[in-house]
4 protein chains.
Amino acid sequence: MTDFTGVFPILATPFRDDESVDEASLRAMLGFVAGLGVEGVTVLGVLGEANRMSDRERENVVRVAVESARGRMAVIVGVSHPGTHATIELGAMAASLGADALMVAPSAEPVPSEPRVADYYARVCAGVTLPVVLQDHPASTGVHMSVAAIARIVGENPGIACIKAEAVPSAAKIEALSAALPRRVPMLTGLGALYGQFDLEKGSSGYNTGFAFPEVLQAHLAAWRRGDRALARRIWAHFLPLIVFEQQPGVAVRKEILRRRGLIAGGIVRHPGAALAAGSAAQLTGLLEFVMPGVDVRQPIDVAAIVGA
Amino acid sequence: MTDFTGVFPILATPFRDDESVDEASLRAMLGFVAGLGVEGVTVLGVLGEANRMSDRERENVVRVAVESARGRMAVIVGVSHPGTHATIELGAMAASLGADALMVAPSAEPVPSEPRVADYYARVCAGVTLPVVLQDHPASTGVHMSVAAIARIVGENPGIACIKAEAVPSAAKIEALSAALPRRVPMLTGLGALYGQFDLEKGSSGYNTGFAFPEVLQAHLAAWRRGDRALARRIWAHFLPLIVFEQQPGVAVRKEILRRRGLIAGGIVRHPGAALAAGSAAQLTGLLEFVMPGVDVRQPIDVAAIVGA
Amino acid sequence: MTDFTGVFPILATPFRDDESVDEASLRAMLGFVAGLGVEGVTVLGVLGEANRMSDRERENVVRVAVESARGRMAVIVGVSHPGTHATIELGAMAASLGADALMVAPSAEPVPSEPRVADYYARVCAGVTLPVVLQDHPASTGVHMSVAAIARIVGENPGIACIKAEAVPSAAKIEALSAALPRRVPMLTGLGALYGQFDLEKGSSGYNTGFAFPEVLQAHLAAWRRGDRALARRIWAHFLPLIVFEQQPGVAVRKEILRRRGLIAGGIVRHPGAALAAGSAAQLTGLLEFVMPGVDVRQPIDVAAIVGA
Amino acid sequence: MTDFTGVFPILATPFRDDESVDEASLRAMLGFVAGLGVEGVTVLGVLGEANRMSDRERENVVRVAVESARGRMAVIVGVSHPGTHATIELGAMAASLGADALMVAPSAEPVPSEPRVADYYARVCAGVTLPVVLQDHPASTGVHMSVAAIARIVGENPGIACIKAEAVPSAAKIEALSAALPRRVPMLTGLGALYGQFDLEKGSSGYNTGFAFPEVLQAHLAAWRRGDRALARRIWAHFLPLIVFEQQPGVAVRKEILRRRGLIAGGIVRHPGAALAAGSAAQLTGLLEFVMPGVDVRQPIDVAAIVGA
């Protein structure tokens, strides 16, 4: 059972040209990150385009993920749904297939209500058997949870085992939550690692995000943990241009990088998601050459060598 | 095959206390409106809480609806989904179960784009075998389609057989669309009939909404069609207080009325949907007594008698 | 000093063809409603297009309103502003010109926060000398205030003298607020009187809205207060088709009616506000003839005669 | 007359503890950036908290800016307003005080409409005497303008002299606009320089943003223009951690840096804007030490020395 500390990549869902799920690529990605030694993965998040998939397809992705993980890493499954009943049903599906945890974000309702959001988590935690990652990501959900509301939810629901801290400014929120939570709960950094260094300084337990070079996040976190703060800063700063590029809206940029890494066969985004903007591919080529000249991204990259450590 | 002219009630999805789908109530509702002689029904719209249901549950609702309709009325199935691929998959499901038409609304994307919405309809129309009702309901979708955009979509997609005109001011939009559409397409009135009289004056072909007394809408439309405009106005005006009451946000009010009509066993709304506000039940009692004193709402009501025609 | 009980029309701001403020029409409107015996007026609300006016123009409207009122009725001035400092500055301006009260709604901030909204009211109440009408109108502000938050704000700020209750469902919110407020505060009905009957049943103290026939609201309220509930319902129901028509989005419909009433010279809406939709004028003619056949709307209308009381 | 090419800092509006405008600090900032040799400044943008200021205060800021600039640099004035008439009035004020250009962004209306936005620019351009910077910043305006819409607006209004390109992904939009515009219009980079390198690659003419070290943007742009692309990338990448930190939501972070630079006396943000999050000040100290160890930020910094060029 994971302690939600470390690096947990969020996986894209690869699609074929006809937009059907590309299982082979999914397995390739899972095998690659398992080989890196990450602590776990999350499937069916925003980056996974879960909201554009049918329930049957979601189930299939979970099955493939659990099979590929083979216990080498935790499998966290995004099960957020506008209906609480359906969230619980998806949670039961994930549990029955052998997943390790669920990621749950609240849905926007016409009249925002923190008590209702709290009730959502209470029902979900009561209805599922797996630990829950509370995702605090207003940019995608439209739901703003105050520090006090999250503290209350965490206090009332022992099933909440982790917070994915994606409300900006994230470092400040992590700091405020650390002071307010009634028990210690690991908080993981998302948002493509954009604020990774700042979050670590305030107590983040690691990464749970889709940056296409998880080995960078591993090196960053490892340096930070062993107290080499200067190196940690250098690693994060070195890759920041790529982090910023990837963090542009839409999943197409990230899928293009995954494609270049040989992890997915094609960078197809499901309609109506935006495809890669014209001109971005060339820009990415130049950027990769700037950040890691001469490096073959199809292999795990040697972060220490690249930053000259 | 329906011509999308007449009264097509939008059905609520009845739930038991444990929030599971109450098939018996669903059949009762379907039987009741079929008995009224409506031209069709729509299942799995916003009122149907489709967004809070799993795919399996949606499939079951369609099966029950088609079985209960037994060809007596058209069955239109809401299949809107944030992913185009999934919309088409839901459309195939509905077709395979014997539905007659699909209702399709666009989904909001981070960067609104009328060309992308047009592409959505083009892909859906190319991918499904049933006629499509284009739902123009910005209040629920967050997507605003200009008159020009809808005209273009209708022109490019022969599969679009009807427009559910729910962008306010609806009468003005119906009038503008009538002038702009490249071919005649029936436009149906939604929004709980709130603007029903105004829409009819501008060319609405009938009703496609969830007002809990479809017999009122039938009487209104019938009077209008046979040229008795004074009676038509009287009918609509007479029931307007109830229409306004029902049109308050949330589906709980409407479900409470359906419960009182004996059509559903309980007024349960799926979490996190808002339950009936305290005090509303008593208010409804007074309102029903004002609008139709002494009338047993468990039977089809005699509209002419009530308005004194 | 008003007790915020009765009918307080919200006034449109009349503009000339060149969009400059039409003072003569403004005076005409003020004189008309004063002649009706209303308890007060509100200038510079949403209907008053305050957000499209310069500070200098606002000041001028207040000056004209106070002059025209000549103590015959209270003058409430909308002073909501995205900046708290500026709200207070506008409040000082209104006070210096002799206004009687201020209407204040909170502004949406990127991260919604009830404590910050409470702080907004605390600062404003501390900074102004006039009583404050707290406007709860999420549809225009994007700010949702829970019953608990409003109760807290009212408890902490003696300066809050009235609540304009425009969060739907409004009757339910009025009922909940009545139970939750730490002291009695009059609550007034807005939203164009759409839910007027329902609000009165739950404790509304009257009207603070822009419906173009304030004499209807006066008659409705008077009947209700003297215990003639049947007549009250009849009055409201009789005019409901017109209320619904007027309550369509935008201020153009209402300005057109005011124009027909002879109260404003022209129905100009400031750009980029939407002008009257084509076809709406004809529709309005038919509607007025239906609701009050043969009545000269340029005079105060005889509500009792029209409803046959 | 400026050609909108180069570096045009967006200025914060400094406030005293009582939130009144701190003119002395404003003059200090203006003097500092003039001393750097920037091509111009923009006052009263989002960073300038213009939306929280009264008209009188805005006028004062413009007066001070023009006086301080003394012709050494262009003064661009933000005059966006929800009302077109008021935008023009503010534009006349700025012109009469000697400003050089206006920055104009559209306002969100209930029903988004590109033709209405085009009409807004047409009216403003016809009504003002100064060149207009079209600001395309959906994150603050809520208005999305397609490439085609902007091209049409630019084509129809010779008065539009520049585009502030802040719709993400900005580099892709700049590239698309370059191909679509009917005449060449300089496009400036905003968004705190977050995508500065990417924008330059696609044709940005420089910077129009509030990053608190304009000398970095000058060095970046200069290196790029003289063809030293490697150095340009190095400069941008070197300061990117600070750019990312500053680009966190709210203006408080930026004001704190300006305070440390000695340009403003205090970092006060007008209520209800969020103050600096607890813990951010310490974090900033560490970050500045990492990015430019030992550097006195109260003086213009030596970018070449810092990046080791």
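The values are calculated or read from the model by the stated rules, or taken from the named source; none is laboratory data. Note that the structure is a prediction, hence the values are computed from the model and not measured. FYI the Cβ positions are ideal-geometry reconstructions off the backbone, even for glycines, and counts take in every protein chain you see. Accessible surface areas use protein heavy atoms only, side chains included; no ligands, DNA or RNA. Shrake-Rupley method; radii C 1.70, N 1.55, O 1.52, S 1.80 Å.
In region C:5-19, which residue that is open to solvent by 30 Å² or more (accessible area, probe 1.4 Å) and not basic (K, R) is farthest from the other protein chains (Cβ to nearest Cβ)?
Step one: filter region C:5-19 for residues open to solvent by 30 Å² or more (accessible area, probe 1.4 Å), giving C:5, C:16-18.
So of that shortlist, the ones also not basic (K, R) come out as C:5, C:17-18.
Working: C:T5: 22, C:D17: 12, C:D18: 9 Å.
By that ranking, first place goes to C:T5.
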For this session: Go through region D:264-304 and give me each residue that's within 21 Å of the chain's Cα centre (by Cα), within 14 Å of chain A (Cβ to nearest Cβ) and not hydrophobic (A, V, I, L, M, F, W, C).
Result: D:G273
Exercise. Out of (1) closer than 22 Å to C:D3 by Cβ; (2) touching a strand residue (DSSP E or B) at 6+ places or on another chain (Cβ under 9 Å); (3) not polar (S, T, N, Q), the odd one out for C:P158 is which?
Worked result: (2)
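So that you can scan it fast, the table gives a plain yes or no per residue for (1) farther than 25 Å from B:E39 by Cα; (2) in contact with an Asp or Glu (Cβ under 8 Å, 6 or more places away or on another chain); (3) among the polar types (S, T, N, Q); (4) open to solvent by less than 10 Å² (accessible area, probe 1.4 Å):
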site	(1), (2), (3), (4)
B:R123	yes, no, no, no
B:T129	no, no, yes, no
B:A161	no, no, no, no
B:L181	no, no, no, no
B:T189	no, yes, yes, yes
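Does C:I264 satisfy the condition of being in contact with an Asp or Glu (Cβ under 9 Å, 6 or more places away or on another chain), assigned to a loop (DSSP other than H, G, I, E, B), buried (at least 17 other Cβ atoms within 10 Å of the Cβ) and in contact (Cβ under 8 Å) with a residue 40 or more places away in the chain? Break it down stepwise before answering.
Working: in contact with an Asp or Glu (Cβ under 9 Å, 6 or more places away or on another chain): yes; assigned to a loop (DSSP other than H, G, I, E, B): yes; buried (at least 17 other Cβ atoms within 10 Å of the Cβ): yes; in contact (Cβ under 8 Å) with a residue 40 or more places away in the chain: yes.
Here the answer is yes, as C:I264 does meet what is asked.
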For this session: From D:F211, D:F239, grab the single residue that is part of a loop (DSSP other than H, G, I, E, B), within 21 Å of A:L287 (Cβ to Cβ), open to solvent by less than 40 Å² (accessible area, probe 1.4 Å) and more than 8 Å from every other protein chain (Cβ to nearest Cβ).
Result: D:F211
For this session: Determine which member of the set C:A65, C:A86, C:A95 is open to solvent by less than 40 Å² (accessible area, probe 1.4 Å), more than 26 Å from D:H85 (Cα to Cα) and of a type in the set (A, V, I, L, M, F, W, C).
Result: C:A95
For this session: Within region D:252-261, track down each residue that is crowded, with 21+ Cβ neighbours inside 10 Å and under 15 Å from D:R298 (Cβ atoms).
Result: D:E256, D:I257, D:L258
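Restricting the search to region C:287-299, which residues are assigned to a helix (DSSP H, G or I) and open to solvent by 70 Å² or more (accessible area, probe 1.4 Å)? Write out each step before concluding.
Here is the first cut: in region C:287-299, the residues assigned to a helix (DSSP H, G or I) are C:287-291.
Within region C:287-299, C:E289 is the sole residue that qualifies.
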Seminar exercise, completed: In region D:192-203, anything open to solvent by 10 Å² or more (accessible area, probe 1.4 Å) and under 24 Å from D:V251 (Cα atoms) is listed as D:L194, D:Y195
Exercise. Which residue, of B:R254, B:R226, is away from chain C (no Cβ under 12 Å) and either without any contact (Cβ under 8 Å) to a residue 60 or more places away in the chain or hydroxyl-bearing (S, T, Y) (or both)?
Worked result: B:R226
For this session: Determine whether region B:277-286 contains at least one residue that is modelled with pLDDT of 95 or more, of a type outside the set (S, T, Y) and in a loop (DSSP other than H, G, I, E, B).
Result: no
Problem set entry | Residues located in region A:20-43, provided they are out of contact with any Ser or Thr (no Cβ under 8 Å at 6 or more places or on another chain) and open to solvent by less than 20 Å² (accessible area, probe 1.4 Å) | A:D22, A:S25, A:M29, A:V33, A:V38, A:V41, A:T42
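Only one residue in A:A232, A:A222 is surrounded by fewer than 20 Cβ atoms within 10 Å (Cβ to Cβ), of a type outside the set (D, E, K, R) and assigned to a helix (DSSP H, G or I). Which one?
Numbers: A:A232 fails: surrounded by fewer than 20 Cβ atoms within 10 Å (Cβ to Cβ).
So the residue among A:A232, A:A222 that is surrounded by fewer than 20 Cβ atoms within 10 Å (Cβ to Cβ), of a type outside the set (D, E, K, R) and assigned to a helix (DSSP H, G or I) is A:A222.
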Exercise. Taking only pairs six or more apart or across chains, which ones have beta-carbon atoms under 7 Å, a first residue in region B:130-143 that is over 16 Å from B:T209 (Cα atoms), and a second residue that is part of a loop (DSSP other than H, G, I, E, B) and of a type in the set (D, E)?
Worked result: B:L130/B:D100
Exercise. Which of the residues that make up region D:20-43 are touching a residue at least 40 places away in the same chain (Cβ under 8 Å) and within 14 Å of chain C (Cβ to nearest Cβ)?
Worked result: D:V21, D:D22
For this session: State all residues of region A:100-120 that are open to solvent by 40 Å² or more (accessible area, probe 1.4 Å) and of a type in the set (A, V, I, L, M, F, W, C); if no residue qualifies, say none.
Result: A:A108, A:V111
Exercise. When you look at B:P249, is it open to solvent by 10 Å² or more (accessible area, probe 1.4 Å), part of a loop (DSSP other than H, G, I, E, B) and either more than 25 Å from B:G190 (Cβ to Cβ) or within 10 Å of chain C (Cβ to nearest Cβ) (or both), yes or no?
Worked result: yes
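How many residues, within region A:48-71, are among the aliphatic types (A, V, I, L, M) and within 14 Å of another protein chain (Cβ to nearest Cβ)? So that I can check it myself, show each step before the final result.
Keep residues of region A:48-71 that are among the aliphatic types (A, V, I, L, M), which gives A:50, A:53, A:61-62, A:64-66, A:69.
From what's left, within 14 Å of another protein chain (Cβ to nearest Cβ): A:50, A:53, A:61.
Total meeting the criteria: 3.
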